[in-house]
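Visitor: Below: one structure in structure tokens.
Derivation of every value follows stated rules applied to the coordinates shown; laboratory data play no part. As the structure is a computational prediction, the values presented were derived from the model and not from experiment. Counting neighbours? That spans all protein chains shown, and the Cβs are built from the backbone with ideal geometry, glycine included.
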Amino acid sequence: MMNSGTPNFDFGYLHDHSRLTAYRQKPVDIGWFTETGRTPRLNLNGFWHFEIDPYDSGLRGEWFRERNNSDSSVGPPDCDFDAWDEVTVPGCWNIQRTDLKYYEGTAWYVRDFMVEEKRNGYIYPVAFGGTSGETIVFVNGEFCGYNDIPGAPFAADATDLLREGKNRIAVWVTNRRHEDGVPGEFYDWFNYGGIFRSVGLHRVPDVYIRRWKLSLGEHQCPELEISLNREIDLNGVVSVGNRKFPFRTDKKGTHTAVLDWSPELWHPDSPKLYDVKIVIGSDEISDRIGFRNIEADETGIRINGRRIVLKGLAVHEDHPETGRALTTEQRRLMLKDAVSMNANALRLAHYPHDGETARLADEAGILLWEEIPVYWHLDFANSETRRKARRLMKSLILRDENRASVILWSIGNENPDSDSRLSFMTNLADLCRSMDKTRLVTAACLVDVSSYRITDRLADVVDVVSVNEYYGWYYPGLERVGEIVRSRSDKPVMISEFGAGATYRAENGPAEPWSEEYQAEFYENQFRALSGISNLTGYFPWVLYDFPSPRRLNAHQRGFNRKGLITHNRLHRKKACETIRKWYESITG
Ligand code: GCB
């Protein structure tokens, strides 16, 4: 018999409802380590043992400690990670396991990895590109880090837990929706679960570059801003292309300098990128960077001093084969599909997409609107919700502040105007501006449908006023839509969403609601009604691809939002693609 002798069982955990409290008190600091410009020493993508744990038995019973049968204090364990099947990371369980399509709950991922040599005086961050929700990382049986924001990149410090030889990482992750979350409980997209972005083990020296930014400063010269993790003055060199610029940090470990050189500028028409390397002490960063400048006033948006109209498309990060974990090829196709309609911009709705998208957009010359899911109703008066939104915004800015393609930070989408919401959003706009002076702040506001005006007070806070309008689909009155843009002539205005549902079908038919013909006509009418308005500076038809949304259940939708211009599987282009292609072709500048 197991557990012979005097039993001293500790079954307290069966009655413990505070299993998350201790972890929640220790979220990892966002920004203590940023992956930008670094390649992990060890890529931890690939096969991981996986199983769902709907009752959270694993946290209650501390499975990550991997007590075995000989441990008389716990009895036979209920878990054996190595016996579980494997899934690949990055990935979404809803796709990888057909039985988990609609699962919303918690799961475990476990794998081993080897560390050949553990060097003293180095720091070992385990970096996660993003997961579906609250995440707890355990290394070799001990707590390593906690993050609570879906889709936020974060890193856990494994320095003290790693050992030379074989190591084990166990990750508890959930896709539970929360009333005080960002997003909240109710939204119009699919709630994928899992570790849906890359995981990697890094190694950095004890003095390392915590944050760096290269952007176009005044006088058209690049500006370098750098801060180390320690207050120390050190010599460094930044190379851009074949030029080298030595610098020295001040005693606080920071440095800002204008590099005396005028680079060829990045622009959608000629997306010039330079190889960049920063070496300081024994740390090093390598990246590819474009230099451009972006401004806005009541006449519109200018890149490098030239006015540009954003011929955009909105898109979700969702593919039938991979869910949120799109492959590089699937992301490239997304940019290619946009270019095929003469688009020069994408709105990455409604949450941070993988950082790879912005890198590919840098190369392709596609401008990006990046966004956090302050979407519909959030618990705006709740300080926890505010903390989460700030944390997500911060992580996104730190990840993508070096991407020339990213020109707009969007702080939210379609939230009814209230005092608590206005204060919440003003706080987010301030955060964006304090962290990044080289981009514009926007948000997708609601229109006052019957008065044809933008009455949302948030419009006073943002640099570019964006509005979602569905005249001609959810409500009539499309002919007057231009009045909305004209109602706000002191700022550039963009239409951040407009669209109509259409089910793809091979043959032609009458232009009735839900037909491709109706959708194409809808866009023709919209474009006609919106033409010739001087402060209208961008359009983002909703949406590039059909996408699954469990709340869409009528006969035409069947679990999908069908406002896509292309079907979810990317195979069929609806008729409106051609309408948009032609319209965008006709807009110059
Ligand atoms: C909106 C939302 C978007 C929805 C869309 C729709 O206004 O911002 O997330 O999917 O409308 O299709 O109704």
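Visitor: So what is Rg over Rh here for the range 489-548, counting just Cα atoms and using Kirkwood for Rh?
Guide: When Rh is taken as the Kirkwood radius, the ratio is 1.07.
Visitor: Reachable lysines from residue 26, Cα under 19 Å, same-chain residues fewer than 8 places away excluded?
Guide: Once the sequence-local lysines are set aside, what remains near residue 26 is 388, 394.
Visitor: Follow-up question, since we're still on this one. How many angstrom lie between the Cα centre of the range 282-332 and the Cα centre of the range 185-200?
Guide: 21 Å
Visitor: Any idea what angle helix 355-364 forms with the longest principal axis of the chain, computed on alpha-carbon atoms, 0 to 90 degrees, nearest 10?
Guide: 40 degrees
Visitor: Here's something else I'd like to know. If the viscosity is 0.692 mPa s and the temperature 37 °C, what translational diffusion coefficient in µm²/s does Stokes-Einstein give for the range 123-181 when Rh comes from Kirkwood over Cα pairs?
Guide: 273 µm²/s
Visitor: Using θ = phi - 60° and the Karplus form 6.51 cos²θ - 1.76 cosθ + 1.60, what ³J(HN,Hα) does each residue of the range 91-104 get, whole Hz, x for Gly and Pro?
Guide: With coefficients 6.51, -1.76 and 1.60, one gets x, 10, 5, 4, 9, 6, 10, 4, 6, 10, 3, 10, 5, 10 Hz.
Visitor: Please list, in chain and number order, the residues 5+ apart from residue 145 or on another chain whose amide H is under 5 Å from its amide H, with Hs placed from the backbone.
Guide: 137
Visitor: Give a quick list of GluC sites (Glu not before Pro) in the range 479-549 that DSSP marks as loop, anything other than H, G, I, E or B, with at most 14 other Cβ atoms within 10 Å.
Guide: Listed in order of number, the matching sites are 507.
Visitor: Sequence neighbours fewer than 8 away in the same chain don't count; with that in mind, list the aspartates and glutamates whose C-alpha is under 14 Å from residue 437.
Guide: 218, 223, 225, 295, 400, 401, 463
Visitor: Between the helical axis of 383-400 and the dominant principal axis of the chain, each derived from Cα atoms, what acute angle in degrees is found, rounded to the nearest 10?
Guide: Helix 383-400 sits at roughly 80 degrees to that axis.
Visitor: Further question on the same structure: Pull up the cross-link candidates among the aspartates and glutamates for residue 272, meaning alpha carbon to alpha carbon under 15 Å and not fewer than 8 places away within one chain.
Guide: 264, 287, 362, 363
Visitor: In a solvent-free Debye calculation with one equal scatterer on each Cα, what is log10 I(q)/I(0) for the range 321-474 at q = 0.10 Å⁻¹, listed in the order of the q values?
Guide: Listed by q, the Debye log ratios stand at -0.37.
Visitor: Also, I was wondering about something else. Once both axes come from the Cα atoms, what is the angle between helix 576-586 and the longest principal axis of the chain, in degrees from 0 to 90, rounded to 10?
Guide: For helix 576-586, the angle is close to 60 degrees.
Visitor: Something else about it: Give the span of the range 224-335's Cα atoms along each principal axis, as three whole-Å numbers ordered largest to smallest.
Guide: Ordered largest first, the range 224-335 gives principal extents of 49, 41, 27 Å.
Visitor: Can you give me the relative contact order of the chain as a percent, contacts being Cα pairs under 8 Å and 6 or more apart?
Guide: 12 percent
Visitor: Still on this structure, please answer the following. Beyond 29 Å, what share of the Cα-Cα pairs of the chain remains, rounded to the nearest whole percent?
Guide: So the portion of pairs separated by more than 29 Å is 57 percent.
Visitor: Between the range 474-529 and the range 118-156, what's the alpha-carbon centroid distance in Å?
Guide: Rounded to whole Å, the Cα centres lie 44 Å apart.
Visitor: Shifting gears a bit: At each listed q (0.13 Å⁻¹), what is the log10 of I(q)/I(0) that the Debye formula gives for the range 84-206 modelled as equal alpha-carbon point scatterers?
Guide: Evaluating at q = 0.13 Å⁻¹ gives log10 I(q)/I(0) of -0.54.
Visitor: I'd like the trypsin sites (Lys or Arg not before Pro) in the range 180-278 restricted to DSSP loop residues with at most 10 other Cβ atoms within 10 Å, sorted by number.
Guide: Here the trypsin sites (Lys or Arg not before Pro) that fit, given the DSSP loop and packing criteria, are 251.
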